[in-house]
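Remarks on the structure that follows.
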Amino acid sequence: MKTSKLKLESLSTEQWEKLCKCCARCCYEKIDFEGRIFYTRIPCDQLDLETHLCRIYADRDRVRNDCQRLSPEIVAAGILPADCPYAELVEDYQGPSLGE
């Protein structure tokens, strides 16, 4: 998979955070089955289902060891929905199955 790494890495922290459209789909549990990522219908216990915001956002990777801060490498790995603004910066991006 080719990535537009220069674009991703050249963003400031503020620009990076503003890419998120707060859909919260990435906050649903995922299953890796033979190298293919599938989303489940089970949200993270820290996701506020009304606001679609994380209750522990600033400390999410410290409080929940299975939560990782997004990075260009994680985005390029293909775990985000294909219409995610982060994924749109990756050429030929193949997103996971959203169980729909």
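Okay, here's what the table says:
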read-out: Any pair with Cβ under 7 angstrom, 6 or more apart, that starts in region 48-61 at a residue that is surrounded by 12 or more Cβ atoms within 10 Å (Cβ to Cβ) and modelled with pLDDT under 95 and ends at one that is part of a loop (DSSP other than H, G, I, E, B) and of a type in the set (A, V, I, L, M); value: H52/A24
read-out: First in region 1-14 and closer than 13 Å to Y93 by Cα, second anywhere and at pLDDT 50 or above and not in a loop (DSSP other than H, G, I, E, B), Cβ under 8 Å, 6 or more apart; value: M1/A76; T3/P72; T3/V75; T3/A76; T3/L89; S4/L89; K5/P72; K5/A76
read-out: Single unsatisfied condition, Q94 versus (1) in contact (Cβ under 8 Å) with a residue 60 or more places away in the chain; (2) exposed (fewer than 14 other Cβ atoms within 10 Å of the Cβ); (3) touching a Lys or Arg at 6+ places or on another chain (Cβ under 7 Å); value: (3)
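Let's see how each residue does on (1) hydrophobic (A, V, I, L, M, F, W, C); (2) farther than 16 Å from V90 by Cβ; (3) in a strand (DSSP E or B):
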site	(1), (2), (3)
E17	no, yes, no
D32	no, yes, yes
Y39	no, yes, yes
I42	yes, yes, yes
R60	no, yes, no
N65	no, yes, no
L70	yes, no, no
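The values are calculated or read from the model by the stated rules, or taken from the named source; none is laboratory data. These numbers come from a predicted model, not from an experiment. In this analysis, Cβ positions are derived from the backbone assuming ideal geometry, glycine residues included, and neighbour counts consider all displayed protein chains.
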